[in-house]
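What follows draws every value from the coordinates through simple rules; no lab data is involved. Remember, predicted model here, so these are calculated numbers, not experimental data. Here Cβ is always computed from backbone atoms with ideal geometry, including for glycine, and neighbour counts include all displayed protein chains.
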Amino acid sequence: MTRLKELDVLRGFAALNVVLFHYTSRFREVYGHSYPVKYDWIYGHYGVELFFVISGFVIYMTLQNVNNVKEFAFKRFTRLYPTYWICLLITLSIISLWKLPGKEGFSIYEIIMNWSMIQGVFEVRNIDGAYWSLLPELFFYTAMAFIYYLGWLPKVKILAITWLLLMLFNRQGLFPFGAYFLNFKYGMFFLAGILFYNLKFNNGGLTDHLLIAACLGTGIWVHQSAGCVYAFTGIFFLFYLFVYNKLKVLNIKPLVFLGYVSYPLYLLHQNIGFILMKTLKQYISNEFVVIFLCVMVLISLAWLVARYLEKPILYFLRNLHFSRKQYPEKVVESLIQ
């Protein structure tokens with residue numbers, strides 16, 4: 001399974017957007033900025049929806065290349081949890097040493113629930129607010145494993161129509177737990193990723209285009225937030241460029257590098273960045289310089305985690321599981337999807 005560098009570019013773009021949103025608009029909301037609000041990166045939080053489309057594409061691609069549900073579950077577990085636990089411990093340690101208002105006094109129960117990654121189901125507060133998006137990912141993985149087990153992957157278009165209709169009905173609150181267990185709030189983005197995969201690799205046709213348009217319309221209808229029309233349209237446009245090989249021009253080392261560190265960057269950036277920003281603002285008056293420095297520091301920290309912890313642990317666990325000698329570098333890279 002060849003690693004697609006354009007996906008890394010999209011991952012890096014999504015991660016950078018979320019980081020800039022948190023360091024501008026979200027930081028202003030919680031702690032305050034003195035520069036004009038017009039300079040806030042207010043649409044950056046839609047980077048999460050881009051992550052969801054990427055996940056839909058990658059998970060569907062992964063399921064074309066596994067032998068059984070157990071193998072799929074193992075690959076997802078090793079991809080998500082070890083890095084999550086490492087970043088959770090780093091974040092918890094730093095916010096315990098340097099107090100951050102609103103992120104104090106976590107109980108053992110809260111820490112254990114955060115360790116599980118399903119704290120949102122039980123309405124337990126996140127140690128870092130960015131963790132909220134991991135729950136829709138988990139439920140999507142579970143749903144796709146179930147669909148794979150039942151042999152329904154070839155019926156993806158029928159499932160897509162059913163899922164979209166359920167999401168539209170759930171806008172009226174007809175299914176109390178639908179937002180979590182059936183991903184009714186964000187499922188249209190995962191589903192779009194699956195359909196984009198069909199277009200790129202399975203000779204998808206008019207039906208796929210129409211269903212992708214339906215995903216876009218459903219996303220706008222369900223969310224109905226300021227700017228979502230432009231943001232969601234932009235996300236889908238980017239993916240169309242990717243599908244038709246028009247993103248290769250962006251396949252440059254800095255953007256690919258951001259994709260390489262995107263997962264630890266996403267997990268680490270918010271609370272640690274807020275602490276660093278609050279500290280630097282005491283000594284540096286130019287807040288744009290403060291934001292730039294924080295972005296650079298957190299990217300560096302994410303690289304250290306990715307280079308010396310995330311990738312070695314992932315290689316070790318997968319080598320151990322498959323009872324093989326260490327994979328050649330290119331093979332290992334293709335597995336880390």
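Things to note:
- Computed about the Cα centre, the dipole magnitude for the chain is approximately 620 debye when only Lys and Arg (+1) and Asp and Glu (-1) carry charge, each at its Cβ.
- Rounded Å value of the spacing that divides the Cα centres of the range 234-268 and the range 11-88: 12 Å
- Relative contact order, whole percent, for the range 5-335 stands at 29, derived from Cα pairs under 8 Å and 6 or more residues apart.
- Candidate lysines for bridging to Lys281, where Cα separation is under 29 Å - those fewer than 8 sequence places away on the same chain excluded: Lys38, Lys99, Lys103
- Using alpha-carbon coordinates, inclination of helix 187-201 to the longest axis of the chain, degrees: 60 degrees
- The string of couplings for the range 299-305 from the Karplus curve (6.51, -1.76, 1.60, θ = phi - 60°) is 5, 5, 4, 4, 5, 4, 5 Hz, one whole number per residue in order, with x for Gly and Pro.
- ³J(HN,Hα), Karplus 6.51/-1.76/1.60, whole Hz, each residue of the range 258-268, x for Gly, Pro: 4, x, 4, 9, 4, 5, x, 4, 4, 6, 9
- Ordering of 52-58, 159-165 by packing is 52-58, 159-165, highest average first (other Cβ atoms within 10 Å, averaged per residue).
- Residue among Leu191, Leu265, Leu280 with the largest mean-square fluctuation in a Gaussian network model of the chain, springs linking Cα atoms under 10 Å: Leu280
- This ranking places Thr62, Thr233, Thr218 by how few other beta-carbon atoms lie within 10 Å of each, fewest first, which gives Thr233, Thr62, Thr218.
- Cα-derived Rg to Rh of the chain, Kirkwood definition: 0.95
- Rounded tilt (10° steps) of 5-21 against the dominant C-alpha axis of the chain: 40 degrees
- Cα long-axis angle, helix 311-322 against the chain (0 to 90 degrees, to the nearest 10): 30 degrees
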